[in-house]
1. Looking at (1) touching a residue at least 60 places away in the same chain (Cβ under 8 Å); (2) open to solvent by 40 Å² or more (accessible area, probe 1.4 Å), which is the one condition that is false for residue 217?
2. Across segment 48-62, what is the number of residues that are more than 13 Å from residue 213 (Cα to Cα), within 12 Å of the ligand (Cβ to nearest atom) and open to solvent by 10 Å² or more (accessible area, probe 1.4 Å)?
3. Limited to segment 220-260, what total is found for residues that are in a loop (DSSP other than H, G, I, E, B) and open to solvent by less than 40 Å² (accessible area, probe 1.4 Å)?
4. Can you give me the number of residues within segment 10-27 that are surrounded by fewer than 16 Cβ atoms within 10 Å (Cβ to Cβ) and either within 16 Å of the ligand (Cβ to nearest atom) or closer than 26 Å to residue 203 by Cβ (or both)?
5. So, residue 43, is that one modelled with pLDDT of 95 or more, among the β-branched types (Val, Ile, Thr) and either surrounded by fewer than 21 Cβ atoms within 10 Å (Cβ to Cβ) or within 13 Å of the ligand (Cβ to nearest atom) (or both) or not?
6. For segment 179-193, which residues satisfy the criterion of being within 23 Å of residue 52 (Cβ to Cβ) and either in contact with a Gly (Cβ under 7 Å, 6 or more places away or on another chain) or part of a helix (DSSP H, G or I) (or both)?
Amino acid sequence: MTDTPSSTDPCIRFSNVSKRFGTLTVLDDFNFTVAPGEKVTLIGPSGSGKSTVLRILMTLEPFQDGVLELKGLSYHEPGGHGPFRASEKHLRKIRGHVGMVFQSFNLFPHMTVLRNVMEAPISVLGLKRDEAEARAVELLGMVGLADKKGHFPSQLSGGQQQRVAIARALAMRPRVLLFDEPTSALDPQLVGEVLGVIRTLAHEHDLTMLLVTHEMRFAREVSDRVCFFDKGKIVEQGDPERIFTAPEHARTREFLQSVL
Ligand SMILES: Nc1ncnc2c1ncn2[C@@H]1O[C@H](COP(=O)(O)OP(=O)(O)OP(=O)(O)O)[C@@H](O)[C@H]1O
């Protein structure tokens, strides 16, 4: 396994990955690749394993079988003792490439918005304070919150907090950004502002993005590829227009009829 990816390598590659929680098999011989810069959305029924795919990529969950690579780095080191048996140092290296935006915003309540965005680049990347501040101010401007940098999270709406969380993830300059139902915890009137920020990111940046969302119209707008996921497998995938207008698989059709 090499640590030096070539430009033609997929950015993310799951090869025959299986994930079990006790006796429950969530991913069964799962194969999936994402190209550099590609925006891919996973849709599918609740409990089908979509979040688990993201959590494994973020190194938040171990897996049992198979091989997972991100930007040419394997989740188990050569000579290691099976999947995910990597040293903390190696996992940190992987994590350095990937950011994640969760359903709940998870901001530090005792820190201002600015500090929430600055903190990890200082403590994890070793950025100087003024560099981290300049980066944070720029990103807060990008998500439309430059004027809120001195506020605390409790003084912001859910939509604003989620936009801070997006700025915080971007501050680590990840190559891959994962979104796990980023608007599910929001009041309906706040969903649009968060989707707007993600839409801009998708259209204007070469970040590789993997999204799990129940917002089908949004999935159609931002994705290069939509994957219908059910019972730990990709049942059908392709161009969003085709998946949404002419799904080939009966399970995809049933799912889309139930949510559209
Ligand atoms: N830590 C855990 N321990 C035991 N079972 C778990 C754990 N995390 C997830 N599961 C189970 O794994 C399955 C897949 O969960 P996952 O959250 O990946 O599904 P999902 O497709 O993202 O669902 P949703 O759309 O509802 O978020 C579910 O049956 C869930 O109950």
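The values are calculated or read from the model by the stated rules, or taken from the named source; none is laboratory data. Everything numeric here is computed off the predicted structure, so don't read it as measured data. Quick reminder, even Gly has a Cβ in these numbers, built from the backbone with ideal geometry, and neighbours come from all protein chains shown. Note: accessible area is taken over every heavy atom of the protein model, side chains too, but ligands, DNA and RNA are not part of it. Shrake-Rupley method; radii C 1.70, N 1.55, O 1.52, S 1.80 Å.
1. For residue 217, the exception is condition (1).
2. Total meeting the criteria: 5.
3. We begin by selecting, within segment 220-260, every residue in a loop (DSSP other than H, G, I, E, B); these are 223-224, 231-232, 239, 246-249, 260.
Narrowing further to those that are open to solvent by less than 40 Å² (accessible area, probe 1.4 Å): 223, 232, 247.
So the answer is 3.
4. We begin by selecting, within segment 10-27, every residue surrounded by fewer than 16 Cβ atoms within 10 Å (Cβ to Cβ); these are 15-16, 20-25.
Now restrict to residues that are either within 16 Å of the ligand (Cβ to nearest atom) or closer than 26 Å to residue 203 by Cβ (or both): 20-25.
The number of residues fulfilling the criteria is 6.
5. Numbers: modelled with pLDDT of 95 or more: yes; among the β-branched types (Val, Ile, Thr): yes; either surrounded by fewer than 21 Cβ atoms within 10 Å (Cβ to Cβ) or within 13 Å of the ligand (Cβ to nearest atom) (or both): yes.
Criteria met by residue 43.
6. So in segment 179-193, the residues within 23 Å of residue 52 (Cβ to Cβ) come out as 179-186.
185, 186, listed by residue number.
Per-residue answers, yes or no, for (1) in contact with a helix residue (DSSP H, G or I) (Cβ under 6 Å, 6 or more places away or on another chain); (2) more than 29 Å from residue 68 (Cα to Cα); (3) of a type in the set (Gly, Ala, Ser):
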| position | (1), (2), (3) |
| --- | --- |
| 89 | no, no, no |
| 95 | no, no, no |
| 100 | no, no, no |
| 106 | no, no, no |
| 113 | yes, yes, no |
| 120 | no, no, yes |
| 125 | no, no, no |
| 134 | no, yes, yes |
